[in-house]
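Trainee: Below is a structure I'd like to ask you about.
Here, each number is a calculation from the coordinates, and none is a lab measurement. Model, not experiment: these values are computed from the prediction. Positions of Cβ are generated from backbone atoms using ideal geometry, with glycine treated the same way; all protein chains shown enter the neighbour counts.
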Amino acid sequence: MFVIGERINGMFTDISQAIAAKDKKPVQAMAEKQLSAGADALDLNVGTKVPKAERAQVMQWLVEATREVTAKPLAIDTPSLEIMRLAVAAASAKGSAIINSTTGQQDKLEAFMKLAKEFNAGIIGLAIDEKGVAATAEAKVEIGMRTIAAAMEAGVSTENVYLDPITLPINCNQAAPGIMLETIRQFKLLSDPAPHVVIGLSNLSQGASERGLINQIFLVMAIVAGLDASIHDPLDEELTDAMITAELLLNKTIYSDSYLKAYRQK
Ligand code: THG
């Protein structure tokens, strides 16, 4: 599993305060903590409290602060093409970037794929288009197909493409997780080499009780369905243990008595 740490996000109070105070230290400490817990990449999101006019500059600051402590891939989490371009360029100066994200409208796909090609970046394609979040597996897969076609058109290898079925809170629509699992299975069949499939796991349990348990069980179910990347909190140890154990039981990693410890020392 390719774990993208979700914690550098202005949605969290500690990061939002660090942004307001222009204090790099908490951002850098959060980057290092997530990486030593096993994160393969870090999601960077300025959150919703930063005024629109300042978002580009704050994203740049997040990239620079994080790049001082790691060369691991940075997932630039913004819907703005302009902010994406600046941040992907800055992140790519030392290491690689992941475009998080594009939606499935033809003009967006073309513009974001062009950027992915230019910087040899990964790119996450959401199951959203001009009609909004696709509700059925069929509609999500249709957008996935268009995303793969746009990647091929732009010369982006499908190995750099991550399809995201969109995770909605369980307390909004109880049928959504089952639809996601079906979508994940079908996404994996869309191309050869297959695209990666990613989810924003924590969205599932927003506003629910038993958040940890809901996240853990669904992550395992999604891995069985073919999920190979996840944006989540790598500091959640029970979640990490569930993920590592699922991969062991699917024969994707090698057993030893200390397999949990071995993962964290990788
Ligand atoms: N897909 C893609 N990118 C994404 C998402 C996705 N990026 C953003 C988001 N979804 C993934 N990141 C988070 C980060 C935090 C939370 C959920 C998803 C979260 N935050 C707490 C809450 O809202 O309850 C904040 C609580 C606190 O302040 O501690 O749950 O789906 N491609």
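Trainee: What FRET efficiency would be calculated for the residue pair E82, S157, taking the C-beta separation as r and a Förster radius of 25 Å, to the nearest 0.05?
Mentor: 0.50
Trainee: Same structure again: Test of the criteria: in the range 1-101, which trypsin sites (Lys or Arg not before Pro) are in a DSSP loop and have at most 16 other Cβ atoms within 10 angstrom of their Cβ?
Mentor: Listed in order of number, the matching sites are K22, K49, K94.
Trainee: Next question, about the same structure. For a quick protection proxy, order the peptides 219-229, 141-151, 251-261, 166-176 by their average other-Cβ count within 10 Å, most packed first.
Mentor: Those peptides, ordered most packed to least, come out 141-151, 219-229, 166-176, 251-261.
Trainee: While we're on this one: Roughly how many Å is it from the Cα centre of the range 115-179 to that of the range 238-264, as a whole number?
Mentor: Distance between centres, Cα-based: 28 Å.
Trainee: Determine ³J(HN,Hα), in whole Hz, for all residues of the range 193-207 in sequence, where each value follows from phi through the Karplus function 6.51 cos²θ - 1.76 cosθ + 1.60 and θ = phi - 60°; x replaces Gly and Pro.
Mentor: x, 5, x, 6, 10, 10, 9, x, 4, 5, 4, 4, 9, 4, x
Trainee: Further question: From the backbone phi of the range 87-92, what are the Karplus-calculated ³J(HN,Hα) couplings (6.51 cos²θ - 1.76 cosθ + 1.60, θ = phi - 60°) in whole Hz, Gly and Pro given as x?
Mentor: 6, 5, 4, 5, 5, 6
Trainee: Non-local amide H neighbours of G104 (under 5 Å, H modeled in plane, Pro and chain starts lacking H): which ones?
Mentor: Under 5 Å from the amide H of G104: I128, D129.
Trainee: Using the alpha-carbon centroid of each, what span in Å lies between the range 65-101 and the range 1-25?
Mentor: 14
Trainee: Using unit Cβ charges (K, R positive; D, E negative) and no other charged atoms, how large, in debye to the nearest 20, is the dipole of the range 78-162 about its Cα centre?
Mentor: 240
Trainee: Please give the charge dipole size of the range 1-63, origin at the Cα centre, charges +1 on K and R Cβ atoms and -1 on D and E Cβ atoms. Round to the nearest 20 debye.
Mentor: 240
Trainee: 5 Å is the cut-off here: which amide hydrogens, built 1.01 Å from N in the peptide plane, fall below it relative to G47, excluding neighbours closer than 5 in sequence?
Mentor: Sorted by chain and number, the residues that satisfy this are G10, M11.
Trainee: Still on this structure, I have one more. Starting from the Cα of K52, draw a straight line to each of the lysines and keep only those under 23 Å, dropping any in the same chain fewer than 8 residues away.
Mentor: Straight-line reach from K52, under 23 Å: K22, K24, K108.
Trainee: If you don't mind, another one. Which of the GluC sites (Glu not before Pro) found in the range 203-247 are in a DSSP loop and have at most 16 neighbouring Cβ atoms, other than their own, within 10 Å?
Mentor: E210
Trainee: Out of the DSSP beta bridges found with both residues in the range 116-266, what percent are antiparallel (nearest 5)?
Mentor: Of the beta bridges lying entirely in the range 116-266, close to 20 percent run antiparallel.
Trainee: How large is the dipole of the chain about the Cα centre if only Lys and Arg carry +1 and Asp and Glu carry -1, each at its Cβ, rounded to the nearest 20 debye?
Mentor: Dipole magnitude for the chain comes out near 500 debye.
Trainee: Let me ask something additional. Which aspartates and glutamates have a Cα lying under 15 Å from the Cα of K261, excluding residues fewer than 8 positions away in the same chain?
Mentor: Filter leaves D236, E237, E238, D241, E247.
Trainee: Related question: Filter the cross-link list K33/K94; K117/K140; K131/K252 down to pairs whose alpha-carbon distance in this structure exceeds 29 Å.
Mentor: K131/K252
Trainee: Here is a further query. Please state the shape class of the chain: rounded when a/c is under 1.5, otherwise prolate if a/b exceeds b/c and oblate if not, all from the C-alpha gyration tensor.
Mentor: The shape class here is rounded.
Trainee: Let me ask something else about it. Sticking with the crude label model, points 7 Å out along Cα→Cβ, report the distance from D257 to K33 in nm, one decimal please.
Mentor: A separation of 3.2 nm, rounded to one decimal place.
Trainee: What is the distance, in nm, between label points placed 7 Å from the Cα along the Cα-to-Cβ direction at A71 and at A175?
Mentor: 5.0
Trainee: Going by amide H atoms built from the backbone, whose H comes under 5 Å of the H on V198, apart from near neighbours?
Mentor: Result for V198 returns L163, D164.
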